[in-house]
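Only one structure is covered here, and it is reproduced in the block below.
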There are 2 protein chains.
Amino acid sequence: MSFLSHLESVVKQVNGALACSVMGFDGIAVETHQVDSAAELDLNAAWVEYANILSQVKTAAETLKTGTVAELSINSENVVTLMRLVSPEYFLVLAMRPSGNYGKGRYVLRITAPKVKAEL
Amino acid sequence: MSFLSHLESVVKQVNGALACSVMGFDGIAVETHQVDSAAELDLNAAWVEYANILSQVKTAAETLKTGTVAELSINSENVVTLMRLVSPEYFLVLAMRPSGNYGKGRYVLRITAPKVKAEL
């Protein structure tokens, strides 16, 4: 299974999902699947910012006793963004409507991360 | 009702909660309620870092079309941290065990934020 089919499967399984991407911590997306109705949102610009933020969270966690960071979620007025670490270099990001199924989103990212990791 | 009683009420309502605090974006806690069993964790150091991160997320959101950021969550191996904006200067932070009730935590912070705001 290719990256893209994993991403399509995430978006399909989660109600309210807008887009799912495999990204590097440099802010560059390896592969993205976005639903047509999300075209008005400049998700890419947001994700470059968020990659930078997740990178800082990762560094902060290394100096703290809270353990390795596995997941970050940023919930704003129009978009809920879930991020899950895949490897030290890559992470999965899922954007969804605030009305979407948040719990299902977290679950699907958790089970998809090892599948994506196996192909990196 | 004082700040402290709001914070105690949050910790009491959420299974697995370790501590709850009202913090400023300068990383200084206004008031904190921590359960005794959480004494081994240096939550304060983590929260100073997280305040800085939340502040950046807030700034990033202002330049993006994702709308105002209401909530941030950082889930690491040992501690799950939920943050919710109360005002442009202050936020609520709740630390809980990864086995705790995440959904209840989000809900309780959401209904507590306006109560705390009313007293600021």
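Filter the range A:19-40 for residues that are of a type in the set (Gly, Ala, Ser) and in contact (Cβ under 8 Å) with a residue 12 or more places away in the chain and give the result.
Correct list: A:Ala19, A:Ser21, A:Gly24, A:Gly27, A:Ala29, A:Ser37, A:Ala38.
Out of A:Leu92, A:Leu85, I need the residue that is under 20 Å from B:Ala46 (Cα atoms), at pLDDT 90 or above and not β-branched (Val, Ile, Thr). Which one?
A:Leu85
Answer yes or no as to whether A:Gly67 is in contact with a helix residue (DSSP H, G or I) (Cβ under 8 Å, 6 or more places away or on another chain) and at positive phi.
It is true that A:Gly67 is in contact with a helix residue (DSSP H, G or I) (Cβ under 8 Å, 6 or more places away or on another chain) and at positive phi.
Based on this model, can you work out whether B:Val116 counts as under 11 Å from the mean Cα position of the chain (by Cα), hydrophobic (A, V, I, L, M, F, W, C) and crowded, with 16+ Cβ neighbours inside 10 Å?
Details: under 11 Å from the mean Cα position of the chain (by Cα): no; hydrophobic (A, V, I, L, M, F, W, C): yes; crowded, with 16+ Cβ neighbours inside 10 Å: yes.
The answer is no for B:Val116.
Select from the range B:107-120 the residues that are within 21 Å of B:Ile53 (Cβ to Cβ) and out of contact with any helix residue (DSSP H, G or I) (no Cβ under 8 Å at 6 or more places or on another chain) and list them in ascending order.
B:Arg110, B:Ala113
Give, as residue ranges, the strands (runs of 3 or more DSSP E) completely inside the range A:1-107 that count at least 1 residues that are closer than 22 Å to B:Ile74 by Cβ, more than 8 Å from chain B (Cβ to nearest Cβ) and among the charged types (D, E, K, R). First the steps, then the outcome.
Details: elements: A:17-24, A:29-34, A:69-76, A:80-85, A:90-96.
Because the criterion is at least 1 residues that are closer than 22 Å to B:Ile74 by Cβ, more than 8 Å from chain B (Cβ to nearest Cβ) and among the charged types (D, E, K, R), the strands (runs of 3 or more DSSP E) in the range A:1-107 that meet it are A:80-85.
Tell me, yes or no, whether the range B:58-70 has at least one residue that is touching a Gly at 6+ places or on another chain (Cβ under 9 Å), of a type outside the set (D, E, K, R) and over 19 Å from A:Trp47 (Cβ atoms).
Checked the range B:58-70: no residue is touching a Gly at 6+ places or on another chain (Cβ under 9 Å), of a type outside the set (D, E, K, R) and over 19 Å from A:Trp47 (Cβ atoms).
The values are calculated or read from the model by the stated rules, or taken from the named source; none is laboratory data. Remember, predicted model here, so these are calculated numbers, not experimental data. A quick note on method: Cβ atoms are made from the backbone with ideal geometry, for glycine too, and the neighbour counts reach across all protein chains shown.
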